[in-house]
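Here's the structure we're looking at; comments come further down.
The values are calculated or read from the model by the stated rules, or taken from the named source; none is laboratory data. Only a predicted model underlies this, so the values are computations on that prediction, with no experimental measurement involved. In this analysis, Cβ positions are derived from the backbone assuming ideal geometry, glycine residues included, and neighbour counts consider all displayed protein chains. Remember, those area values only see protein heavy atoms, side chains included, never the ligands or the DNA or RNA. Shrake-Rupley method; radii C 1.70, N 1.55, O 1.52, S 1.80 Å.
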Amino acid sequence: NGYLKVRIGEAVGLQPTRWSLRHSLFRKGYQLLDPYVTVSVDQVRVGQTSTKQKTNKPTYNEEFSATVTDGHQIELSVFHDTPIGYDDFVANCTLHFQDLLRTAGPSDSFEGW
């Protein structure tokens, strides 16, 4: 239980999705995305960054906060904003709170991930 504050700095090394390659006017393998990041705690969305246009290395510097009760994990997911239909999944990362607390003290923060 506690207060969660997450700052999304940047994403690097994002790869084009099949949809973006299929609808690309550029050469295959070089397609820029329109990425955004969602922040979820135990599969409940607590935040979403803005969409950055035409980049595979977006910089966000956006912060999200949430009160967490009996939380188990935080998930960061990157999606490509598509003009029609569902957005394309690009990548994700899941961090378990128990693993974080086991290796840190109560006042520690986790930067640079």
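One table, with the values for the structure above:
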read-out: Computed lengthening from Val12 to Thr82, 0.36 nm per intervening residue step minus Cα-Cα distance; value: 23.2 nm
read-out: Ranked by how many other beta carbons lie within 10 Å on average, peptides 94-102, 9-17 from highest; value: 9-17, 94-102
read-out: Rough spin-label spacing in nm, given labels placed 7 Å along Cα→Cβ, for Thr103 and Val44; value: 2.7 nm
read-out: Segment Leu95-Tyr3, extension gain: residue separation times 0.36 nm, minus the distance between their alpha carbons; value: 31.5 nm
read-out: Accessible surface, per residue, of region 2-103 when the full set of protein chains is kept, probe 1.4 Å, Å²; value: 67 Å²
